[in-house]
1. Sorted from fewest to most neighbouring beta carbons within 10 Å, what does the list 90, 109 look like?
2. In whole Hz and in residue order, list the ³J(HN,Hα) couplings for the range 59-76 that follow from phi through the Karplus curve 6.51 cos²θ - 1.76 cosθ + 1.60, θ = phi - 60°; x for Gly and Pro.
3. Give me the one-decimal Kirkwood hydrodynamic radius in Å for the range 35-173, with the sum taken over alpha-carbon pairs.
4. If we count every other residue with Cβ under 13 angstrom of residue 128's Cβ, Lys/Arg +1 and Asp/Glu -1, where does the sum land?
5. Under the rule of at least 5 residues apart or a separate chain, name every residue whose amide H is placed under 5 Å from the amide H of residue 130.
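Where a number appears in this text, it was derived from the coordinates with a stated rule and is not lab data. These figures come from a predicted structure and were not determined experimentally. Heads up, the Cβs are rebuilt from the backbone with ideal geometry, glycines too, and the neighbour counts pull from every protein chain shown.
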Amino acid sequence: MSNRWAIVAILALTALLPGSAADEAKPPESAPSQPERDSSGPAPGVAMNNHYLDGTLRAMTDEIKGGEGRWLLTWFDVELLVISDENADRMRVMALVGDADELNSDQLRFLLEVNFERALDAKYTIWQDQVWATFVHPLSWLTPDELKAGARQVVSLNHTYGAEFTSTGLTFAPQTGEDESGD
């Protein structure tokens, strides 16, 4: 199955989840009763929710489909699936990377090590026999800047899969316990 069709199929499936599209396009009751403001996110001190997440995503790109709770967008030439659930207070940004069935046990172990050393807030995951780049975050605590940073890391994991396997230019490689100074 092509990447596009896999994402479309999953987007369609998420529409069947209870509560995933409830009250689509309606501002939440907790929305501030202020004049219309920049839709890129909530005012300081106001929790992120599907309404504000929708505005933030639409401010990021014009190439977006879907509604509150599930979106498919193209950002930096990568198709991103964004799924959120206000009841579970969770959101995730995902990009399809490849077929997990093509990986042997050494490659799977390598991905786990990459998740620790080179993938910071976004990680490689396996779901439905596919490898995904995924950023998961509590929805209510999410800021527009954190969403963009997490989505950038997902895009980077997608672009660098099979080569550098990095979400940013940073790596985290803790000391192994050996004294490298020779003392």
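1. On the way: 90 15, 109 11.
So the residues, fewest neighbours to most, are 109, 90.
2. Karplus values, whole Hz, x for Gly and Pro: 6, 7, 7, 8, 8, 9, 10, x, x, 4, x, 7, 9, 10, 9, 10, 9, 6.
3. Values: mean 1/r = 0.0646 Å⁻¹.
That comes to 15.5 Å for the range 35-173.
4. -3
5. 100
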